[in-house]
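Novice: Got a structure for you, questions after.
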Amino acid sequence: VAFDFTDQVAVVTGAGNGLGRSHALLLASRGAAVVVNDLGGDRNGIGVERSPADDVVAEIEAAGGTAVANYDSVATPEGAAAIIASALDSYGRLDVLVNNAGILRDKTLVNLTHDDIDAVLDVHLKGSLLVAQSAFRVMKEQRYGRLVHTTSVSGLFGNFGQSNYGAAKAGIAGLSRVIAIEGARYGITSNTVAPNARTRLNEELLGPFAECLLPEQISGTVAYLASRECSVTGEIYSAGGGRVARIFIGLTQGWFAGKGEVPTPELVAAHLDEIRAEPGYIVPTTLADEMRILAEVLELDEAST
Ligand SMILES: NC(=O)c1ccc[n+]([C@@H]2O[C@H](COP(=O)([O-])OP(=O)(O)OC[C@H]3O[C@@H](n4cnc5c(N)ncnc54)[C@H](O)[C@@H]3O)[C@@H](O)[C@H]2O)c1
């Protein structure tokens with residue numbers, strides 16, 4: 001059965017270009033009423049322009065879909081609130097938030113200006129948090145919601161010259177996991193996509209990959225995570241070039257010095273292979289999973305932890 005978003009309302013931030021545009025077009029083609037948010041700056045976050053959001057709304061309407069433009073910035077509390085208010089004012093509810101807006105200010109750590117740091121953290125990390133907070137308040141009342149955030153392997157795996165961006169993007173993955181835990185009791189899921197696609201952000205960096213990495217190849221994963229059918233929460237998916245994979249954070253079995261023992265630097269060095277050994281790792285879903293393991297090695301009564 002084809003996934004259907006009829007009678008659902010989706011907000012896609014940064015939907016005037018690239019990936020956000022593609023996500024908005026797919027969700028609208030499947031019946032969602034879409035708030036197309038875009039501030040309309042350049043890829044460094046300079047300037048404002050209404051036409052990117054307006055053009056995507058026109059494209060959706062020309063295809064028979066329903067959409068409204070919003071030009072607020074995700075990076076301020078007022079902007080974030082206005083983006084979500086636009087969904088409520090236009091369509092009376094909110095089912096899906098895709099946190100996608102983003103900019104780049106790539107420089108090596110020593111060359112970053114304070115403005116490069118603030119701009120990138122504000123749009124990606126603070127923006128994702130603020131819009132999610134406004135959306136969550138509505139979804140909690142509705143007892144239903146789907147949040148999809150956008151991280152990057154630049155932060156999760158690391159990439160030269162992207163310390164501001166990598167920090168912000170890794171922060172978004174942490175944000176999503178906490179929202180997943182807080183949302184569970186309200187029927188709210190929160191998942192994250194790490195995309196790889198040719199857009200104005202990276203088109204000169206992709207070399208031979210450029211022709212193979214289409215924005216449309218990301219949107220199906222986003223729409224799955226945004227759908228009623230989505231059966232996962234707190235997870236991270238890598239998507240690009242037609243391939244989809246799960247990224248996870250694992251915890252090794254580790255080394256135990258003994259109850260009451262204090263691991264010295266020398267002991268840590270001596271046991272480093274054991275500490276780092278991957279066989280038998282687990283994939284925690286909350287911090288309680290690690291505390292359970294600690295309770296076991298400390299022989300504590302789990303009920304009292
Ligand atoms: N393209 C990739 O391969 C790739 C890889 C990893 C992560 N990402 C992430 O995917 C997301 C989309 O990027 P893209 O490649 O489509 O870039 P893009 O530049 O084509 O689109 C980003 C959009 O966000 C908008 N935007 C920027 N600041 C905003 C703000 N404060 N408020 C509202 N809108 C704002 C821009 O105007 C732009 O239209 C970003 O979060 C980016 O970091 C992209």
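Novice: Among residues belonging to segment 203-230 that are near the ligand (Cβ under 10 Å from one of its atoms) and free of Cβ contacts under 8 Å to residues at least 12 places away in the same chain, point out the one that is least open to solvent (accessible area, probe 1.4 Å).
Specialist: 206
Novice: Please find, among 47, 65, 92, 40, the residue that is at positive phi and away from the ligand (no atom under 13 Å from the Cβ).
Specialist: Numbers: 47 fails: away from the ligand (no atom under 13 Å from the Cβ); 65 fails: at positive phi; 40 fails: away from the ligand (no atom under 13 Å from the Cβ).
One residue alone meets the criteria, 92.
Novice: Could you tell me whether any residue of segment 239-248 is crowded, with 17+ Cβ neighbours inside 10 Å, under 19 Å from residue 100 (Cβ atoms) and modelled with pLDDT of 95 or more? Please lay out each step first, then the result.
Specialist: At the first step, the residues of segment 239-248 found to be crowded, with 17+ Cβ neighbours inside 10 Å are 239-240.
Now narrow it down to the ones that are under 19 Å from residue 100 (Cβ atoms): 239-240.
Adding the requirement that they be modelled with pLDDT of 95 or more leaves 239-240.
Yes: segment 239-248 contains one or more residues that are crowded, with 17+ Cβ neighbours inside 10 Å, under 19 Å from residue 100 (Cβ atoms) and modelled with pLDDT of 95 or more.
Novice: On the given criteria, is residue 179 surrounded by 21 or more Cβ atoms within 10 Å (Cβ to Cβ), within 16 Å of residue 14 (Cα to Cα) and of a type in the set (A, V, I, L, M)?
Specialist: no
Novice: Please report, ordered by residue number, the helices (runs of 4 or more DSSP H) entirely within segment 193-305 with at least 2 residues that are among the acidic types (Asp, Glu). Walk me through how you get there before you give the answer.
Specialist: Working: elements: 216-225, 265-270, 272-276, 287-297.
Of the helices (runs of 4 or more DSSP H) lying wholly inside segment 193-305, those with at least 2 residues that are among the acidic types (Asp, Glu) span 272-276, 287-297.
Novice: Just checking, does segment 31-54 include any residue being in a strand (DSSP E or B) and open to solvent by 10 Å² or more (accessible area, probe 1.4 Å)?
Specialist: Within segment 31-54, the subset in a strand (DSSP E or B) is 33-37.
Narrowing further to those that are open to solvent by 10 Å² or more (accessible area, probe 1.4 Å): 33.
Among the residues of segment 31-54, at least one is in a strand (DSSP E or B) and open to solvent by 10 Å² or more (accessible area, probe 1.4 Å), which makes the answer yes.
Novice: Please verify whether residue 7 is acidic (Asp, Glu), surrounded by 24 or more Cβ atoms within 10 Å (Cβ to Cβ) and at pLDDT 95 or above, treating the condition exactly as stated.
Specialist: No: the conditions fail for residue 7.
Novice: Could I ask something else about it? Output the residue which, of all residues in segment 163-192 that are in a strand (DSSP E or B) and within 19 Å of residue 287 (Cα to Cα), is nearest to the chain's Cα centre (by Cα). If you could, list the steps in order and put the result at the bottom.
Specialist: Step one: of segment 163-192, the residues in a strand (DSSP E or B) are 188-192.
Right, trim to within 19 Å of residue 287 (Cα to Cα) and you get 189-192.
Details: 189: 12, 190: 8, 191: 7, 192: 4 Å.
Selected residue: 192.
Novice: Just to be sure, is residue 169 out of contact with any Pro (no Cβ under 8 Å at 6 or more places or on another chain), closer than 14 Å to residue 19 by Cβ and basic (Lys, Arg)?
Specialist: yes
Novice: With the requirement that a residue be surrounded by 13 or more Cβ atoms within 10 Å (Cβ to Cβ) and under 37 Å from the mean Cα position of the chain (by Cα), what does segment 256-280 give you?
Specialist: Residues satisfying the conditions are 256, 263, 271, 275, 277.
Novice: What about residue 144, is it away from the ligand (no atom under 15 Å from the Cβ), more than 12 Å from the chain's Cα centre (by Cα) and without any contact (Cβ under 8 Å) to a residue 60 or more places away in the chain?
Specialist: On the way: away from the ligand (no atom under 15 Å from the Cβ): yes; more than 12 Å from the chain's Cα centre (by Cα): yes; without any contact (Cβ under 8 Å) to a residue 60 or more places away in the chain: yes.
It is true that residue 144 is away from the ligand (no atom under 15 Å from the Cβ), more than 12 Å from the chain's Cα centre (by Cα) and without any contact (Cβ under 8 Å) to a residue 60 or more places away in the chain.
Novice: Could you tell me whether segment 188-201 includes any residue that is loosely packed, with under 13 Cβ neighbours inside 10 Å and without any contact (Cβ under 8 Å) to a residue 12 or more places away in the chain? Walk me through how you get there before you give the answer.
Specialist: The first filter runs over segment 188-201 and keeps only residues loosely packed, with under 13 Cβ neighbours inside 10 Å, leaving 200.
Now drop any that are not without any contact (Cβ under 8 Å) to a residue 12 or more places away in the chain, which leaves none.
No: zero hits.
Novice: Kindly indicate the residue of segment 97-114 that is farther than 21 Å from residue 159 by Cβ and within 16 Å of the ligand (Cβ to nearest atom) and also farthest from the chain's Cα centre (by Cα) among those meeting that condition.
Specialist: In the first step, residues of segment 97-114 are kept if they are farther than 21 Å from residue 159 by Cβ; the result is 97-98, 114.
From what is left, the residues that are within 16 Å of the ligand (Cβ to nearest atom) are 97-98.
Numbers: 97: 10, 98: 8 Å.
The residue in question is 97.
The values are calculated or read from the model by the stated rules, or taken from the named source; none is laboratory data. Values in this document were obtained by computation on a predicted structure and should not be read as measured data. Cβ sites come from the backbone with ideal geometry, for glycine too, and all protein chains shown count toward neighbours. Just so you know, the surface numbers come from the protein's heavy atoms only, side chains and all, with ligands and any DNA or RNA stripped out. Shrake-Rupley method; radii C 1.70, N 1.55, O 1.52, S 1.80 Å.
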